[in-house]
Ligand code: SF4
Ligand code: SF4
Ligand code: SF4
Ligand code: SF4
Ligand code: SF4
Ligand code: SF4
Ligand code: FES
């Protein structure tokens, strides 16, 4: 929820700017509204001097920045780094690289309204301007690292759900627009999306950015726009091929038993909560029992069978 | 002065002008939805929330809301670039995607700002399908709430909280669920609402509408056992014509009387008549209080007028400690009802319960006033139904009539004749002026040298004057908006430092001419101004302009009431007030 007039007993929603809080804030008085991090920098600057502080960082972004490093990375936690450091340094040196030796896919910076950056941004020196230029932002200092098990349309939807919760409801593009973005993303991740939806998604996201009243609405479409820009193929796969390559979108998955590998032990069927698995009349060469088959119309994609099968006969497609 | 270009046209406007105003001053009409202003009447709603008015400003990253962005030197504004049109259409499509879109059955059909915006932008389909918000329907006797249609423009909220200071409505919930509602989403009738209905007058859509009583009136007219009489308030005759394509400010008194007869009312009377009666009672009450004050007896001053029922409810809820200050005189609607049921019914040879009294009012608060228990005898209300100006227009159209084609007819007697003093009740300051005309002459025994009190006229929210009552300086004030009324009551709590004797209060902008039951003005304050001009034209054209010279009024005192503020008039024409502050407990 964006900062509003709660301290004055008013509903929590932003007011028109100008006047900015520095001119007319709490009870109409000039007010200083800053993040905790900014305030935390002040004593160091006072004790060690501005010159010392400015010696750290880049031309336009001075000093250090605290990031909350999280996601599919070996070392997670709060890190304080000089402005101008590259993503590669953060992810591979400080973060110790991607978990389980998997492939780096994207990093979401700036919290829910930030954007997703890709491998091509790994060597960008990060400061306020370069992040914006790359379609993301410094924002809250969140930094979520993702590997190939992350589905980008699903990630966009996840962040949109958050901004929908946080929207104050004052302006129409954010109040209704973000809800509609979310619904379109849901359609796509459910396998009901069309190519027109992708067009609509882009137009709507751009209009919300262009028309929303406060910073929340003006940035909330960033996850959508940046994933559309950087992971267009993945969207198209969801819409045209009805496939989720990361195996995240449940409605797009199907569990399949390889009848040549299945020895017909039936353990999968016993563990299936919805009785979706039955025996066929085909016995694979070298096996004694007939193989099993999954009725995809009954399957709820719980994943139990794949864990129960000792012979690696079941896979997700 | 600031130089800028709008759509490549160089223009010059004063500093502090918004892009929206600058454009309108130069013939460029940027569409709006949430912004609403009553120019010169101290009402502006500017949340900058709908984003319909967005324009492109060169050098600015985002589109700017024209209604809430001030012009700057050298600014280059585009109001209809492809980017702007696409954004504006998308925003309205979004609004429509969370809207019931049942125009055909909507009270606002044909009068709806969202409907005309949709048409203007050429929106043919809504590309977004998804969840729509639904809320519980809610109604008082005056206001019907269907928040499914709310577009969150917040006009009602600003009206209720800033202009009226009634504090009944505010934004609740957040995000997609956000809507305007009373505190804790309680019923409006259980809130601090005073039923002024001004939220209805400003709502751009059909989310807030009046409670429609046409069918009940039609049934009464069709009932052969009933005699149905009608009274029409002063402000109706200067606004009804607008519903039939006439220019604002057209006076349609005679045509309205003719139409009412053709609708089937048995007798067509005039609330102006009972407005004259109100002046006799209220004026006498004022003189009585002044006399006591001069004699050093304890008495409540200032006296407040009591003919606006929204104002009455307002002090009952907010100032229960000051209930003895307002006049005890009933409103003209209430007085008419009492006279009709007590005096007229026997004259017409019908039993009280077979006489149906209908009022045509510019007002929605009168729908609630009508139902007050103390304005009834054994459960039979003095006034049975109250219709607004808009409902009368609907009824006329429904009955295949056109006001334009009506002949000029007179009201029926004996409750039909009225003076210029009565008709000005419809405008802010009018009750005061009417009371002064009578009180002065009754008090001094002299003829007024000048009948027009210019100091009580006009659109200032607070007007003050000292009137020379033959050597006695009478201090008066005239206010409209309950926000201004609240300030006056607070002064009374502080011991009346300005020494007022008499204060007129009207809730609505400009008085009843700007009432919530009048044709929608959509924020065009010129319409209200024209209605006021018409009111004073009607007054100036009347042969008799002082209430105490109305022969029908003199006759009823002679024949029935005896004297103003006498025993019988106290019984029938005066009322009492109740502490209703418990209605505010929930919000404390
Ligand atoms: S952009 Fe969202 S959070 Fe900001 S004012 Fe609009 S609705 Fe509220
Ligand atoms: S995934 Fe679950 S529901 Fe589907 S077949 Fe396997 S066990 Fe049954
Ligand atoms: S509020 Fe307006 S747009 Fe909505 S249904 Fe009614 S007339 Fe139609
Ligand atoms: S009727 Fe008047 S008091 Fe009641 S909610 Fe509407 S504006 Fe407020
Ligand atoms: S109820 Fe009407 S006036 Fe109030 S916010 Fe909704 S649309 Fe606007
Ligand atoms: S000012 Fe007139 S129209 Fe408005 S609430 Fe009062 S009586 Fe009704
Ligand atoms: S009219 Fe300007 S934002 Fe609504």
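The values are calculated or read from the model by the stated rules, or taken from the named source; none is laboratory data. The structure presented is a predicted model; accordingly, all values stated were derived computationally and were not measured. With ideal geometry, Cβ positions are generated from the backbone for all residues, glycine too; neighbour counts draw on all protein chains shown.
Does segment B:97-111 contain at least one residue that is under 28 Å from residue B:316 (Cβ atoms) and not assigned by TED's automatic domain parsing to the domain that holds residue B:483?
Here is the first cut: in segment B:97-111, the ones under 28 Å from residue B:316 (Cβ atoms) are none.
No, because not a single residue in segment B:97-111 is under 28 Å from residue B:316 (Cβ atoms) and not assigned by TED's automatic domain parsing to the domain that holds residue B:483.
Filter segment A:276-298 down to residues that are within 23 Å of residue A:248 (Cα to Cα) and surrounded by fewer than 17 Cβ atoms within 10 Å (Cβ to Cβ), then give me how many there are. It would help to see each step written out before you state the result.
If we filter segment A:276-298 for residues that are within 23 Å of residue A:248 (Cα to Cα), which is where we start, we get A:276-277, A:293-298.
Subsequent filtering for residues that are surrounded by fewer than 17 Cβ atoms within 10 Å (Cβ to Cβ) retains A:295-298.
Adding up the residues that qualify gives 4.
Looking at (1) in contact with a strand residue (DSSP E or B) (Cβ under 9 Å, 6 or more places away or on another chain); (2) surrounded by fewer than 24 Cβ atoms within 10 Å (Cβ to Cβ), which is the only condition residue B:311 fails?
(2)
What are the residues in segment A:241-266 that are out of contact with any strand residue (DSSP E or B) (no Cβ under 9 Å at 6 or more places or on another chain) and either within 16 Å of ligand 7 (Cβ to nearest atom) or farther than 28 Å from residue A:112 by Cβ (or both), if any?
At the first step, the residues of segment A:241-266 found to be out of contact with any strand residue (DSSP E or B) (no Cβ under 9 Å at 6 or more places or on another chain) are A:241-245, A:248-252, A:260, A:263.
Once the filter is applied, which keeps residues that are out of contact with any strand residue (DSSP E or B) (no Cβ under 9 Å at 6 or more places or on another chain) and either within 16 Å of ligand 7 (Cβ to nearest atom) or farther than 28 Å from residue A:112 by Cβ (or both), segment A:241-266 yields A:241, A:260, A:263.
Quick one: residue B:5 ticks every box in (1) within 10 Å of another protein chain (Cβ to nearest Cβ); (2) surrounded by fewer than 20 Cβ atoms within 10 Å (Cβ to Cβ) bar one, so which box is it?
Among (1) within 10 Å of another protein chain (Cβ to nearest Cβ); (2) surrounded by fewer than 20 Cβ atoms within 10 Å (Cβ to Cβ), the lone unmet condition for residue B:5 is (1).
Matching residues to (1) more than 14 Å from every other protein chain (Cβ to nearest Cβ); (2) more than 28 Å from the chain's Cα centre (by Cα); (3) in contact (Cβ under 8 Å) with a residue 40 or more places away in the chain:
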| site | (1), (2), (3) |
| --- | --- |
| A:8 | no, yes, no |
| A:38 | yes, no, no |
| A:51 | yes, yes, no |
| A:87 | yes, no, no |
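Restrict the check to segment B:14-25 and report whether at least one residue is more than 14 Å from chain A (Cβ to nearest Cβ), without any contact (Cβ under 8 Å) to a residue 12 or more places away in the chain and out of contact with any helix residue (DSSP H, G or I) (no Cβ under 7 Å at 6 or more places or on another chain). Outline the logic, then answer.
Filtering segment B:14-25 for residues more than 14 Å from chain A (Cβ to nearest Cβ) gives B:14, B:17, B:21-25.
Imposing the further condition that a residue be without any contact (Cβ under 8 Å) to a residue 12 or more places away in the chain reduces the set to B:21, B:24.
Filter once more, keeping what is out of contact with any helix residue (DSSP H, G or I) (no Cβ under 7 Å at 6 or more places or on another chain): B:21, B:24.
Among the residues of segment B:14-25, at least one is more than 14 Å from chain A (Cβ to nearest Cβ), without any contact (Cβ under 8 Å) to a residue 12 or more places away in the chain and out of contact with any helix residue (DSSP H, G or I) (no Cβ under 7 Å at 6 or more places or on another chain), which makes the answer yes.
What number goes with the only condition from (1) modelled with pLDDT under 95; (2) farther than 25 Å from residue A:168 by Cβ; (3) at the interface with chain A (Cβ under 9 Å from one of its Cβ atoms) that residue B:102 does not pass?
Residue B:102 satisfies every listed condition except (3).
Exactly one condition in (1) at pLDDT 95 or above; (2) more than 8 Å from chain A (Cβ to nearest Cβ) is not met by residue B:183; state its number.
Here residue B:183 meets the rest and fails (1).
Check segment B:88-99 and report whether any residue there is more than 8 Å from every other protein chain (Cβ to nearest Cβ) and in a loop (DSSP other than H, G, I, E, B). Lay out the reasoning, then the answer.
Going residue by residue through segment B:88-99, those that are more than 8 Å from every other protein chain (Cβ to nearest Cβ) are B:88-89, B:92-93, B:96, B:99.
If we keep only those that are in a loop (DSSP other than H, G, I, E, B) as well, we get B:99.
Checking segment B:88-99: at least one residue is more than 8 Å from every other protein chain (Cβ to nearest Cβ) and in a loop (DSSP other than H, G, I, E, B).
Determine whether residue A:271 is within 14 Å of ligand 2 (Cβ to nearest atom), under 29 Å from residue A:196 (Cα atoms) and either surrounded by 14 or more Cβ atoms within 10 Å (Cβ to Cβ) or not assigned by TED's automatic domain parsing to the domain that holds residue A:193 (or both). Walk me through it before giving the result.
On the way: within 14 Å of ligand 2 (Cβ to nearest atom): yes; under 29 Å from residue A:196 (Cα atoms): no; either surrounded by 14 or more Cβ atoms within 10 Å (Cβ to Cβ) or not assigned by TED's automatic domain parsing to the domain that holds residue A:193 (or both): yes.
Judged against the criteria, residue A:271 is not a match.
Of the residues that make up segment B:145-152, is at least one surrounded by fewer than 16 Cβ atoms within 10 Å (Cβ to Cβ), touching a residue at least 40 places away in the same chain (Cβ under 8 Å) and within 26 Å of residue B:175 (Cβ to Cβ)?
Initial filter on segment B:145-152 (surrounded by fewer than 16 Cβ atoms within 10 Å (Cβ to Cβ)): none.
No, segment B:145-152 has no match at all.
Do you know which residues across segment A:167-192 are in a helix (DSSP H, G or I) and within 7 Å of chain B (Cβ to nearest Cβ)?
A:172, A:173, A:175, A:176, A:177, A:179, A:180, A:183
With the condition kept exactly as written, say whether any residue in segment B:126-148 is within 23 Å of the chain's Cα centre (by Cα), under 30 Å from residue B:482 (Cβ atoms), within 16 Å of ligand 5 (Cβ to nearest atom) and within 14 Å of another protein chain (Cβ to nearest Cβ). If you could, list the steps in order and put the result at the bottom.
Here is the first cut: in segment B:126-148, the ones within 23 Å of the chain's Cα centre (by Cα) are B:138-147.
After this cut, where a residue has to be under 30 Å from residue B:482 (Cβ atoms) as well, the list is B:138-147.
Add one more test, that the residue is within 16 Å of ligand 5 (Cβ to nearest atom), and what stays is B:138-140, B:142-147.
Within this subset, residues satisfying the condition of being within 14 Å of another protein chain (Cβ to nearest Cβ) are B:147.
Yes, there is a match, as at least one residue in segment B:126-148 is within 23 Å of the chain's Cα centre (by Cα), under 30 Å from residue B:482 (Cβ atoms), within 16 Å of ligand 5 (Cβ to nearest atom) and within 14 Å of another protein chain (Cβ to nearest Cβ).
For the list (1) part of a helix (DSSP H, G or I); (2) more than 15 Å from the chain's Cα centre (by Cα); (3) over 20 Å from residue B:283 (Cα atoms), I need the number of the one condition that residue B:513 fails.
Residue B:513 satisfies every listed condition except (2).
Among the numbered criteria (1) buried (at least 18 other Cβ atoms within 10 Å of the Cβ); (2) more than 14 Å from chain A (Cβ to nearest Cβ); (3) within 16 Å of ligand 3 (Cβ to nearest atom), which single criterion is violated by residue B:122?
(1)
One line per residue, one yes/no per condition, for (1) within 18 Å of residue A:106 (Cα to Cα); (2) more than 12 Å from the chain's Cα centre (by Cα); (3) away from ligand 4 (no atom under 16 Å from the Cβ):
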| site | (1), (2), (3) |
| --- | --- |
| A:128 | no, yes, yes |
| A:133 | yes, yes, yes |
| A:139 | yes, yes, yes |
| A:142 | yes, no, yes |
| A:146 | yes, no, yes |
| A:154 | yes, no, yes |
| A:158 | yes, no, yes |
| A:165 | no, yes, yes |
| A:173 | no, yes, yes |
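For segment B:540-553, give me the residue count where each residue is part of a helix (DSSP H, G or I) and more than 13 Å from residue B:279 (Cβ to Cβ). Talk me through it step by step, then tell me what you get.
If we filter segment B:540-553 for residues that are part of a helix (DSSP H, G or I), which is where we start, we get B:540, B:547-549, B:551-553.
Now restrict to residues that are more than 13 Å from residue B:279 (Cβ to Cβ): B:540, B:551-552.
Total meeting the criteria: 3.
Taking residue B:233 and the conditions (1) surrounded by 19 or more Cβ atoms within 10 Å (Cβ to Cβ); (2) more than 20 Å from the chain's Cα centre (by Cα), which numbered condition does it fall short on, given that it satisfies the others?
Looking at each condition in turn, residue B:233 falls short on (2).
Is segment B:153-168 home to any residue that is on the phi > 0 side of the Ramachandran plot and within 13 Å of chain A (Cβ to nearest Cβ)? Spell out how you get there, then give the answer.
If we filter segment B:153-168 for residues that are on the phi > 0 side of the Ramachandran plot, which is where we start, we get B:154, B:165, B:167.
Still in the running and within 13 Å of chain A (Cβ to nearest Cβ): B:154, B:167.
Looking for residues that are on the phi > 0 side of the Ramachandran plot and within 13 Å of chain A (Cβ to nearest Cβ), one finds at least one in segment B:153-168, hence yes.
When residues of segment A:237-267 are filtered for being more than 12 Å from residue A:302 (Cα to Cα) and either within 16 Å of ligand 6 (Cβ to nearest atom) or not in a loop (DSSP other than H, G, I, E, B) (or both), how many remain?
9
Going through segment A:193-226 one residue at a time, which ones are at the interface with chain B (Cβ under 9 Å from one of its Cβ atoms) and out of contact with any helix residue (DSSP H, G or I) (no Cβ under 9 Å at 6 or more places or on another chain)?
So the first thing to find is which residues in segment A:193-226 are at the interface with chain B (Cβ under 9 Å from one of its Cβ atoms), and the list is A:196, A:200, A:203-204, A:206-213, A:218.
If the condition is that a residue be at the interface with chain B (Cβ under 9 Å from one of its Cβ atoms) and out of contact with any helix residue (DSSP H, G or I) (no Cβ under 9 Å at 6 or more places or on another chain), then A:196 is the only one that fits.
Has segment B:45-58 got at least one residue that is within 14 Å of chain A (Cβ to nearest Cβ), over 30 Å from residue B:208 (Cβ atoms) and away from ligand 4 (no atom under 16 Å from the Cβ)? Walk me through how you get there before you give the answer.
Here is the first cut: in segment B:45-58, the residues within 14 Å of chain A (Cβ to nearest Cβ) are B:45-57.
So of that shortlist, the ones also over 30 Å from residue B:208 (Cβ atoms) come out as B:56-57.
Cutting the leftovers down to away from ligand 4 (no atom under 16 Å from the Cβ) gives us B:56-57.
So far as segment B:45-58 goes, yes, one or more of its residues are within 14 Å of chain A (Cβ to nearest Cβ), over 30 Å from residue B:208 (Cβ atoms) and away from ligand 4 (no atom under 16 Å from the Cβ).
Residues to consider are B:387, B:436; find the one that is part of a strand (DSSP E or B) and at pLDDT 95 or above.
Every option except B:387 fails the conditions.
Inspect segment B:35-44 for any residue being away from chain A (no Cβ under 11 Å) and without any contact (Cβ under 8 Å) to a residue 24 or more places away in the chain and give the result as yes or no. Steps first, answer last, please.
Taking segment B:35-44 first, the residues away from chain A (no Cβ under 11 Å) are B:35-44.
Checking the rest, the ones that are also without any contact (Cβ under 8 Å) to a residue 24 or more places away in the chain come to none.
The answer is no, given that none of the residues of segment B:35-44 is away from chain A (no Cβ under 11 Å) and without any contact (Cβ under 8 Å) to a residue 24 or more places away in the chain.
For (1) within 17 Å of residue B:416 (Cβ to Cβ); (2) not assigned by TED's automatic domain parsing to the domain that holds residue B:566, each residue gets a yes or a no:
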site	(1), (2)
B:202	no, yes
B:221	no, no
B:240	no, no
B:272	yes, no
